[in-house]
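The values are calculated or read from the model by the stated rules, or taken from the named source; none is laboratory data. Since this is a predicted model, take the numbers as computed values, not measurements. Note that we place each Cβ from the backbone using ideal geometry, even for glycine, and neighbour counts take in every protein chain shown.
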Amino acid sequence: MPHPLSPIGVFDSGIGGLSVLRALRDVLPDEQFVYVADSGNAPYGERGDAFVQQRCAHITQQMRERHDIKALVIACNTATAAAIEGLREQHPGLPIIGVEPALKPAAQYSQTHVVGVIATQGTVSSSRFATLQAAHATQTRFVVQACNGLARAIEDSTRPGRDAAA
């Protein structure tokens, strides 16, 4: 059982999830965090589910063993889609939070009820994405495009020291 002062684990296939970490730190300033960027295996969005599930299981286990995390945030759409259910089964009692494409707020706030979605192939081909899309399809038409290279582009644009104008 983790100690109340144990950190919250956060991981992504790279450094794009640092934006999630920043938001968590803003909302939970008294918490400690440990972040893992699996950059050597990025991007997950162009990998198969079995690979993503194996990486997520490994990272989660390592965070539990090395840092005694009290909760886990998966800061990756593809990892959430491919692995969150299995991780919750493997780690009962560990709160596991994932990120998903923002289809619900997009459907809610769209004035035209037509929403364009770009995401990795791994995300848009997942059953989790299909379920999320179907839940909001009665009020909104989603135009979905899988984008090879999207995760890499996000990674490249979020690297520390990168000039956004370049």
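Descriptive notes on the structure:
- Only a single criterion out of (1) in the same structural domain as residue 139 (by TED's automatic domain parsing); (2) touching a strand residue (DSSP E or B) at 6+ places or on another chain (Cβ under 7 Å) is not satisfied by residue 21, namely (1).
- Taking (1) closer than 24 Å to residue 124 by Cα; (2) more than 12 Å from the chain's Cα centre (by Cα); (3) among the aliphatic types (A, V, I, L, M) in turn, residue 34 satisfies each apart from (1).
- Among the criteria (1) among the small types (Gly, Ala, Ser); (2) touching a residue at least 60 places away in the same chain (Cβ under 8 Å); (3) not assigned by TED's automatic domain parsing to the domain that holds residue 35, the one residue 75 does not fulfil is (3).
- The set of residues in region 75-98 that are among the hydrophobic types (A, V, I, L, M, F, W, C) and surrounded by 16 or more Cβ atoms within 10 Å (Cβ to Cβ) comprises 75, 76, 79, 81, 82, 83, 84, 87, 94, 96.
- Residues in region 121-146 that are part of a loop (DSSP other than H, G, I, E, B) and surrounded by 16 or more Cβ atoms within 10 Å (Cβ to Cβ): 125, 126, 140.
- Per this entry, residue 40 is not counted among residues that are of a type outside the set (D, E, K, R), at pLDDT below 95 and crowded, with 17+ Cβ neighbours inside 10 Å.
- Test result for residue 87, of a type in the set (A, V, I, L, M, F, W, C), over 17 Å from residue 56 (Cβ atoms) and in contact with a helix residue (DSSP H, G or I) (Cβ under 7 Å, 6 or more places away or on another chain): no
- Residue 2 at pLDDT below 90 and more than 14 Å from the chain's Cα centre (by Cα): yes
- The test for being among the basic types (Lys, Arg) and in contact (Cβ under 8 Å) with a residue 60 or more places away in the chain does not hold for residue 66.
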